[in-house]
Amino acid sequence: MDFPNAKLPNLTPLKNSFVADDIENDLRNLFIDLFEEMIAGTAFDANVLGNGQLGSMDLIRKLVNVDGLALIDGAREETATRYLYKAWKSRNKNGRGFHFLKTYLQLLFPNAFVVEQMAQAKAEDYPTDLMPLARSDNTRFSTSRVRVSIDASKTTWENVIKMDPILRSIIPARLVLYFALLTTWRKTNYIGAAMLGGTISTVYPAASQPSEHSWQLNTGAAMVSVSINVIYPKP
């Protein structure tokens, strides 16, 4: 359950009710045992149907499937599914748009995706020369095309096809959604130096003065630079 202190119904009033004899007591206990073993979970889910994300995972999976959502199985399945369904049911308050689209993708591919509206070069035939609108200039115009780029190491085309219908239903109908798998690599340059030096001086004073001894340690510094490159496939 989604409640930290959630408990299944246990028929406490019936347990505390009066019984006339041992036979009635046995029948009461039998009914309570059968209820707790076979019906309690269903009764709990029935009480939270209005907020299905609060119920059992069996209920969540059924509701997610009915609404046509899809999640990739993984270690975070339960938490992600509950949050996804809650966000899905409340999406109408903000209309259809990129917020829920990014929420959905973040649950599936944490920090491994980019959603970009595309811009077309004015001098070229549409849509032959597209690039992200955020990096375009006045030689381009905004289009209805939206590219979802996902790190290729996080998914496969089979999974993309699986979630394609629901992602298209999230955004406004006037927008055209398409996908790309990205290949990223990390380049690391190490630049640095170390220096160690010291001096020892011996002073021969006059007979009436004490002698002094001193030394100094100098150390250098190291610097590391990291660059991340992303290859965007040709639209």
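Couple of notes before you dig in:
One line per residue, one yes/no per condition, for (1) modelled with pLDDT under 85; (2) crowded, with 18+ Cβ neighbours inside 10 Å; (3) in a helix (DSSP H, G or I):
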residue: Glu78; (1), (2), (3): yes, no, yes
residue: Tyr85; (1), (2), (3): yes, yes, yes
residue: Phe100; (1), (2), (3): yes, yes, yes
residue: Phe141; (1), (2), (3): no, no, no
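- The set of residues in region 161-184 that are without any contact (Cβ under 8 Å) to a residue 40 or more places away in the chain and closer than 18 Å to Asn111 by Cβ contains only Phe179.
- Gly41, sole failed condition from (1) free of Cβ contacts under 8 Å to residues at least 24 places away in the same chain; (2) within 38 Å of the chain's Cα centre (by Cα); (3) farther than 17 Å from Tyr85 by Cβ; (4) in a helix (DSSP H, G or I): (1)
The values are calculated or read from the model by the stated rules, or taken from the named source; none is laboratory data. Worth saying up front: this structure is predicted, and the values here are computed from it rather than measured. Counting neighbours? That spans all protein chains shown, and the Cβs are built from the backbone with ideal geometry, glycine included.
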